[in-house]
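A short write-up of the structure that comes next.
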Amino acid sequence: MSDKKKDKGVLEEVTTGEYKYGFVMDIESDQAVRGLTEETVRFISKKKNEPEWLLEFRLKAFRHWLTLEEPDWALLHHPPINYQDIIYYSAPKPKKELESLDEVDPELLDTFNKLGISLEEQKRLSGVAVDAVIDSVSVKTTFQDTLAKHDIIFCSITDAVQNYPDLVKKYLGTVVPYTDNYFAALNSAVFSDGSFCYIPKGVRCPIELSTYFRINAANTGQFERTLLIADEGGYVSYLEGCTAPMRDENQLHAAIVEIVTHDDAEIKYSTVQNWYPGSKEGKGGIYNFVTKRGLCKGRNSKISWTQVETGSAITWKYPSCILMGDNSVGEFYSVAVTNNYQQADTGTKMIHIGKNTKSTIISKGISAGKSNNSYRGLVRVTQKADNARNYSQCDSLLLGDQCGAHTFPYIKTGNDTAIVEHEATTSKISDDQLFYCQQRGIDMEKAIGLIVNGYAKQVLNKLPMEFAVEAQKLLAITLEGSVG
Amino acid sequence: MEKVKKRYPLEEKFIRHFTGHSDEISRHDLPKVSRMRREAMKDFQRSGFPHNKMERWRNTDLEGIYETDLEIFDREIPYEKQLSEIFLCEVHGFETRVLSVLNGSFYSPETEKLTVDENGVIVGSLARAMQEYPEFIERHYGEIMEQRDGFKSLNMALATDGVFIYVPDNVVVDETFQIINILNKPSLVINVRNLVILGKNAKLRLLHCDDSVNHHAGFINKVNEVFLDENAELELYKLQNLNDETALLNQTSIHQSANSRLKIDAISLNGGMIRNEIFDLMNGSGAWSDIRGLYLMDQEQHVDNQVNIYHNVPHCDSNQLFKGILDNEATAVFNGYIYVKRDAQQTNAFQRNANILLAKTARVDTMPHLEIYADDVQCSHGASVGQLDNEALFYMMQRGIPFADARMLLMYAFADAVIDEISIESLRINIEDMVKRRLRGDLSICDRCVLHCSNPDQPVIFDIDMSKI
């Protein structure tokens with residue numbers, strides 16, 4: 001009895017609990033004026049002391065953006081976004097260079113602690129280098145020494161522009177050109193900061209690289225730009241995790257992630273996204289429009305995307321792989337959870353161009369409350385992609401009779417040696433499984449948690465250890481309580 | 001930014017035709033129908049032809065047809081000679097009641113334009129039914145028009161004739177009805193409409209053939225409306241064997257009442273451009289449908305199957321199976337869509353599309369989509385593109401079956417899942433023959449009815465010496 005009560009208590013807390021990470025930090029911001037004009041673009045570029053070519057790139061992107069219309073093909077409904085009512089740049093006031101954590105603003109450290117990310121702890125225990133991005137500007141980068149030993153470059157993109165302009169110039173916009181889509185053009189024009197990583201030839205990065213993003217100042221859109229390059233034989237596992245403070249007004253996030261792998265190189269990109277999903281009444285929340293794409297440029301190269309999406313009011317995200325090199329491999333593992341009034345339209349694109357290319361898509365959608373969760377994916381086998389192989393599986397789980405689960409795969413095959421398979425199922429948790437668990441003495445709530453975790457296991461297993469733990473917690477928080 | 005859409009001369013031609021001939025087009029109309037025509041024309045003037053920027057038309061490019069100079073034909077053809085002189089259709093081993101539509105209008109002697117059988121079944125010309133049985137038109141004509149696009153509007157505005165079938169309550173029709181749709185004049189574009197109504201507990205088998213009798217280009221824009229009342233059962237077999245120059249747009253909308261059963265087998269053997277759109281609206285609890293399709297395409301042919309199932313109420317079952325074999329530069333599109341409305345609980349909906357590519361230049365685009373708003377459902381879809389099983393080939397070859405035969409056998413086995421469902425045995429045998437011939441390349445362009453191609457006295461068999469196995 002008391003157990004049951006306790007469970008109910010947990011349940012109550014979970015369902016009625018407010019967003020755990022909803023708080024606003026009081027860090028002074030240095031903001032660009034509201035609205036987007038050529039002046040804004042020039043302001044950002046000047047603020048960041050950028051070379052002429054980058055300003056040109058931004059301006060070209062901005063001019064192109066003006067000619068575009070916001071896409072409306074996704075199964076998403078939101079009030080129109082007023083792009084002129086957004087502050088496009090906000091950076092904490094520049095402070096003197098810091099040598100150790102002790103010098104970091106205690107308020108900032110406190111924030112990290114609230115987030116459950118203790119930099120010291122992470123440094124000591126997990127060996128993860130954290131490049132923490134607070135409102136667009138990289139504040140503190142750790143583990144630089146270890147990385148320097150292997151000649152690995154891991155810094156903010158702003159620093160990279162200053163210190164490694166040739167590398168940035170060579171790769172920026174090659175995977176996601178500014179003409180790619182509406183949000184890519186917007187990002188290219190106004191991107192504020194993000195991470196840059198370069199793995200030199202033959203280097204296996206000994207630690208997992210990680211960036212924690214946070215959106216802080218009110219009404220500030222975040223326009224991250226991440227660029228990862230693995231040269232011949234390089235390997236890196238990159239982690240990205242996000243939390244955001246509670247806001248009533250919707251915040252726009254339009255990021256770009258570009259990945260390039262050369263011959264025999266491999267990049268593993270893992271994301272846990274837990275931005276503010278809006279209140280239970282569907283008010284507020286982050287609008288997340290992200291363009292993520294990897295280019296397997298070299299032979300035998302590999303790019304693997306793993307994502308756990310639990311946050312954001314709107315998720316519009318299709319991490320993709322262009323399998324250009326022969327024998328290259330693309331993978332996409334995704335768990336997307338929506339609750340209350342969240343909407344997610346997410347999936348992947350696998351473009352087979354090289355010979356003997358392989359791709360795997362495992363997508364698990366879970367919808368609860370009044371949310372809508374869509375998988376949208378493309379598998380394209382071009383005419384020259386002999387022996388291409390794709391396997392896709394996208395399952396949807398419905399918890400509650402007010403939510404929606406949708407699957408929109410597109411399969412385009414233009415080669416007779418290709419083997420493409422797609423499977424999808426949609427159902428609710430089977431009564432048999434629930435009954436079995438319950439007759440063994442596992443209560444309903446726990447049984448559902450168990451089944452959902454088992455359902456998502458295939459994807460969660462792909463996450464690095466630290467993330468897997470966090471992801472399981474997130475799943476539990478987002479779900480256990482939406483059913484009953 | 002307002003995008004200016006290009007106007008095709010053919011679009012202009014349709015619009016001019018409508019304004020110039022509106023009296024003639026509307027001569028038999030009920031007020032409801034003429035009102036619908038005017039509205040549809042307005043819609044068409046606004047939308048124009050569908051184009052490949054539209055999601056549903058992305059993979060089917062009709063630009064070539066829009067650019068062709070086609071003649072709009074909507075005249076009634078006087079009955080001068082028997083249909084068999086224009087078009088020969090001998091279906092061996094089974095009798096059908098033939099209803100023919102020649103160049104867009106019902107073709108029969110005057111006395112047989114619209115007949116009422118002893119059991120109350122009304123069959124004949126739609127134009128005639130509009131005058132004699134307005135109550136059916138009032139109730140059903142143009143009532144289910146899901147996903148209206150330019151072609152549907154055009155058809156609504158311009159179609160004047162087609163086949164009308166009414167089966168009253170509790171009548172089980174023994175004979176098989178066969179609609180034969182033919183073009184025999186060069187460069188025609190026709191808008192034709194069929195209306196099929198089945199009363200409570202009624203049962204009908206319908207064979208629906210589209211054939212070419214020559215090698216002229218043509219464009220058929222056809223809309224079929226089917227109403228199944230409670231517990232009604234319809235078996236619909238569509239056979240499409242057209243020349244490579246003809247484009248066929250076949251839109252079938254079905255309204256299913258409670259416990260009604262629908263079975264569709266759509267077999268596309270040949271045709272320059274074939275697009276089958278099926279809209280199955282499950283509006284009554286306990287409705288059931290099984291929709292299958294087979295397409296065998298080669299050269300530069302294009303086939304597009306759009307199957308949309310709307311589960312609007314609880315306790316309905318649907319199943320889709322579409323299979324295709326593509327050779328040369330042929331292209332195929334499959335767009336399966338299952339929609340489960342909120343509270344349509346206890347739905348079972350399955351969908352499967354399998355394709356075999358035989359040439360490097362053949363292409364398949366498959367989009368098996370699900371949109372589900374109810375939780376107590378079981379829905380699944382699967383799609384695959386691949387080749388013949390090499391191990392099976394090897395096994396057969398090591399048993400002494402020549403490569404070509406082994407390959408044929410596998411392809412035939414692949415197609416069989418669709419053909420096997422045909423419940424009229426003689427029809428199944430005929431279609432089996434045709435598929436075999438088609439796969440062997442003996443049936444590339446058939447000048448006559450597809451069913452006529454097969455000769456039951458000389459069944460097509462594989463040259464396999466069974467003793468070797």
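General observations
- Magnitude of the charge dipole for segment B:229-360, about its Cα centre and with charges confined to Cβ atoms of Lys, Arg (+1) and Asp, Glu (-1), is about 400 debye.
- Computed extension length for B:Tyr395-B:Arg46: 119.7 nm, one decimal, from 0.36 nm per residue of separation with the Cα-Cα distance subtracted.
- Shielding by other protein chains, A:421-434, mean Cβ within 10 Å: 5
- For B:Asp327, the shell of other residues with beta-carbons less than 10 Å away shows a net charge of -3, using +1 for Lys and Arg and -1 for Asp and Glu.
- Contact order relative to length of segment B:9-284, as percent, for alpha carbon pairs under 8 angstrom and 6 or more apart: 16
- Rounded to whole Å, the principal axis extents of the Cα atoms in segment B:192-245 read 43, 16, 11, largest first.
- Relative contact order (percent, whole number), chain B, Cα cutoff 8 Å, 6+ residue spacing: 11
- In terms of the mean number of neighbouring beta-carbon atoms within 10 Å, the peptides B:369-379, A:426-436 order highest first as B:369-379, A:426-436.
- Rounded, prolate or oblate (a/c below 1.5 giving rounded, otherwise prolate when a/b exceeds b/c) for segment B:9-284 by Cα gyration tensor: rounded
- Order by protection proxy (mean Cβ within 10 Å, highest first), peptides A:375-384, A:54-63, A:322-331: A:322-331, A:375-384, A:54-63
- Sites B:Thr111 and A:Leu68, calculated FRET efficiency, Cβ-Cβ separation with R0 56 Å, nearest 0.05: 0.30
- Ordering B:Met297, B:Met397 by the number of other Cβ atoms within 10 Å of each residue's own Cβ, fewest first, gives B:Met397, B:Met297.
- Residue order, fewest to most surrounding Cβ atoms within 10 angstrom, among B:Thr176, A:Thr40: B:Thr176, A:Thr40
- Kirkwood-type radius of segment B:121-276, with distances r between different C-alpha atoms, in Å: 15.9
- Helices that extend 18 Å or more along their long axis by alpha-carbon positions and average at least 1.0 on the Kyte-Doolittle scale are, among the DSSP H runs of chain B, B:403-419.
- Low-density loop cleavage sites - GluC sites (Glu not before Pro) in segment B:175-243, where at most 14 other Cβ are within 10 Å (DSSP): none
- In chain B, Rg over Rh equals 0.96, where Rg is the alpha-carbon radius of gyration and Rh the Kirkwood radius from pairwise Cα distances.
- Other residues whose C-beta falls under 11 angstrom from the C-beta of B:Ser34 contribute a net charge of +2, scoring Lys and Arg +1 and Asp and Glu -1.
- Take the Cα of A:Lys457, step 7 Å toward its Cβ, do the same at B:Tyr79, and the gap between the two points is 7.1 nm.
- Neighbour-count order for B:Val226, B:Val333, B:Val172, fewest beta carbons within 10 angstrom listed first: B:Val172, B:Val333, B:Val226
- Helical mean residue ellipticity (222 nm; -39500 (n - 2.57) per DSSP H run of 4+; nearest 500) of chain B: -7000 deg cm²/dmol
- Relative contact order, whole percent, for segment B:270-423 stands at 20, derived from Cα pairs under 8 Å and 6 or more residues apart.
- Averaged over A:392-405, number of beta-carbon atoms from partner chains that fall within 10 Å: 4
- Residue (of B:Phe44, B:Ile179, B:Asn224) at the positive-pole extreme of segment B:9-284, dipole from beta-carbon charges: B:Phe44
- Selection from B:Ile325, B:Met367, B:Pro314 lying farthest towards where the dipole of segment B:274-428 points positive, charges on Cβ: B:Ile325
- Exceeding the 19 Å Cα-Cα cut-off - candidates A:Lys317/B:Lys53; B:Lys238/B:Lys323; A:Lys428/A:Lys457; B:Lys185/B:Lys436; A:Lys268/A:Lys292: A:Lys317/B:Lys53; B:Lys185/B:Lys436
- Between B:Glu300 and A:Lys169, the FRET efficiency estimated from the beta carbon spacing at R0 = 51 angstrom works out to 0.70.
- Per residue of B:278-289, other chain Cβ atoms within 10 Å of the residue Cβ number 0 on average.
Every number here is computed from the coordinates shown, using simple stated rules; none is lab data. Remember, it's a predicted structure, so these values are computed and weren't measured experimentally. Using ideal geometry, Cβ is built from the backbone for each residue, glycine included, and neighbour counts are taken over all protein chains shown.
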